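The values are calculated or read from the model by the stated rules, or taken from the named source; none is laboratory data. Quantities reported herein were computed from a predicted structural model and do not represent experimental measurements. Glycine gets a Cβ as well: all are built from the backbone with ideal geometry, and neighbour counts include every protein chain shown.
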Amino acid sequence: MPYVVTQSCCADASCVVACPVNCLHPAPGEPGFAEAEMLYVDPDSCVDCGACATACPVDAVVPHTALTPDQEPFRQLNADYFAVFPHRDRTPLAVVPRQRRLRADGTFAVAVVGAGPAGLQVADELLRHPEVTVDVLDRLPTPYGLVRSGVAPDHQATKQVERLFAMIEDQPGFGYLLGVEVGRDVRLVELAGAYDAVVYAVGASADQRLDVPGEDLAGSLAATDLVGWYNGHPDRRGLAVDLSHERAVVVGNGNVALDVARVLTLDPAVLAGTDVSTEALEVLRAGGVREVVVLGRRGPAQAAFTVPELVGLRGLAEAGRLEVVVDTGGEVLGATPRERVLAEIAALPRPAAGTPRVVLRFLTRPVEVLGDAAGERVAGLRVERTRLVEADGRVAAVPTGLTEDLETGLVVRSVGYRGHPVPDLPHDAATGTVPHERGRVRAGVYVAGWVKRGPTGFIGTNKTDAQETVGVLLDDLDAGHRADAVDEAAARARRTDLRRRLRRESGALDLAAWRRLDAEERRRGALLGRPRVKVLDPGEAAAVARGGRDRSVRDYAVQTSGAVVARGRRAVGRG
């Protein structure tokens, strides 16, 4: 087994194409590729050439001899996959599908609304056609969506997918209009008159509610708010997060719930070496949370944690940096990879007294958020044990009547995302998505990502999703269907006028502006030994992006040693 994949896949598939013997599975075209948590390297066919490791944009493919102790579990997971799915029938060649070409004459311009992973994957698929140019619009002055503001700061390896995004940005015909809110600064009718097609990839930014009494008390937060806060999302600046209590409770058992639990219990000194928000870092340093209880209403077999996330949690527990308690609620752990990792975590020896603790508690549901004496702030959470029943082929959790009150000052709901209605587009209230047919809302208007399929999948799922939408869009262009009936010359003139207006009235930022802001954040980070220090204020971010510079390090030198701060001041003074 010369090489091993060690994290969730970005589904760029460059490793699959690079492999000369087709040993990475599931590959594009194979069952499960779009939904797979990660890829696996076939030990029987791998020839140890290293092509996959070189091609991987996030450095997730590692020689088996270079695996760290935390990565060692992936070796067995890899072997287990091929014990079940041997792929003996695969031709030992990397099959590269023939690139489609547009049959329609002329050039085409497409507006993509949303600069997150879904929008950038759409842009990438479109720019494979030299006849197409793309402008990507986003409400924020920064791109990358949930990769920037949703991936946990201690998962810097996952954030390396930004390298892939930078490669997309470098393609001829790519442009940004950042800091532009579609629906306020510009409407769909204007975009349709200036572009041949408009693709919405705006995600699903609302959170699902618990619908229990007390949910709106101070100290009861949505994971979307908390995650945005510690990741430096400008909309979450100044969020009131009280970490003075010893216990926090997270409701939900997906990857985001684990992210929140880790960030709240990690040593702030570890987070200080990441791109965590400086504002959040100060609060975390002063906080007193020692235990996070993660609640799941169903059992371990139904949990939504991915195996790589659980392996990472196990690594922290093995290193003695975290105590992880697995409370199955009486369920026996089975033989699935997820349950096996949970069993391994449960069998670990207890760490030293005082070690922060994460409790993975299954078969438990929230009943009521309890308030303090004044009825203003969270003081506890009433929970109820559940049991599993099977009906119509589905496993459901039903209440048992056994309740318990957990003392806590912070309740975080992490039970899923939901899409808001999008201005000028139809909305399906039941699914929180835009009604569509394979991505087509109507000829000339399309959707991709979570606004299309709902909040499911991983970062890499957006690639196959984008391919479907773009395929339909190209079919429409070949058939002569555009967003508006206006001719090419008139559309080009409207596009030029629209860009000028958005730069003048909305302060729209282009790719060069984003690169200046990116470089400044990295420069500030380098002063403090961090990957970057995010500029949290949108006004300052826009000023930096346009070429200005805040000549003080006060705003981003947070509780560092006097020597580091002094070095920062000298460096900025020379700048």
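Tabulated data
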read-out	value
Segment 199-255, residues that are buried (at least 17 other Cβ atoms within 10 Å of the Cβ), among the hydrophobic types (A, V, I, L, M, F, W, C) and more than 22 Å from GLU291 (Cα to Cα)	VAL199, ALA201, VAL202, ALA204, VAL212
Any hit, segment 384-393, residues being buried (at least 20 other Cβ atoms within 10 Å of the Cβ), within 28 Å of GLU309 (Cα to Cα), at pLDDT 95 or above and assigned by TED's automatic domain parsing to the domain that holds ALA303	yes
Flag if ASP235 is in contact with a strand residue (DSSP E or B) (Cβ under 9 Å, 6 or more places away or on another chain) and without any contact (Cβ under 8 Å) to a residue 24 or more places away in the chain	no
Neighbours by Cβ (under 7 Å, 6+ apart or cross-chain): first from segment 344-357, assigned by TED's automatic domain parsing to the domain that holds VAL289; second surrounded by 16 or more Cβ atoms within 10 Å (Cβ to Cβ) and of a type in the set (S, T, N, Q)	PRO356/THR265
Pair list, Cβ under 8 Å, 6 or more apart: segment 210-222 residue touching a residue at least 24 places away in the same chain (Cβ under 8 Å) and within 21 Å of LEU243 (Cβ to Cβ), other residue of a type in the set (D, E, K, R) and assigned to a loop (DSSP other than H, G, I, E, B)	GLU215/ARG209; LEU217/GLU376; ALA218/ASP242; ALA218/GLU376; GLY219/ASP242
Neighbours by Cβ (under 7 Å, 6+ apart or cross-chain): first from segment 462-478, farther than 24 Å from VAL161 by Cβ; second surrounded by fewer than 16 Cβ atoms within 10 Å (Cβ to Cβ) and of a type in the set (D, E, K, R)	VAL472/ARG438; LEU474/ARG100; ASP478/ARG103
Residue check, ARG148 under 18 Å from VAL260 (Cβ atoms) and either basic (Lys, Arg) or assigned by TED's automatic domain parsing to the domain that holds HIS436 (or both)	yes
Residue count for segment 492-522, restricted to those that are more than 23 Å from GLY173 (Cβ to Cβ), part of a helix (DSSP H, G or I) and over 24 Å from the mean Cα position of the chain (by Cα)	2
Hits in segment 427-459 - residues which are touching a His at 6+ places or on another chain (Cβ under 9 Å) and in a loop (DSSP other than H, G, I, E, B)	HIS427, GLY432, VAL434, PRO435, ALA443, GLY444
Qualifying residue in segment 298-318 (condition: over 25 Å from the mean Cα position of the chain (by Cα), surrounded by fewer than 21 Cβ atoms within 10 Å (Cβ to Cβ) and part of a loop (DSSP other than H, G, I, E, B))	no
Count - residues of segment 183-212 that are in a loop (DSSP other than H, G, I, E, B) and under 17 Å from ALA508 (Cα atoms)	4
Leading residue by the ranking (surrounded by the most Cβ atoms within 10 Å (Cβ to Cβ)) among those in segment 424-461 that are under 21 Å from the mean Cα position of the chain (by Cα) and of a type in the set (Phe, Trp, Tyr)	TRP450
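Table: residues versus (1) polar (S, T, N, Q); (2) under 30 Å from GLY214 (Cβ atoms); (3) touching a Lys or Arg at 6+ places or on another chain (Cβ under 8 Å).
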residue: ALA335; (1), (2), (3): no, no, no
residue: ALA353; (1), (2), (3): no, no, no
residue: LEU370; (1), (2), (3): no, yes, yes
residue: ALA374; (1), (2), (3): no, yes, no
residue: ASP392; (1), (2), (3): no, no, no
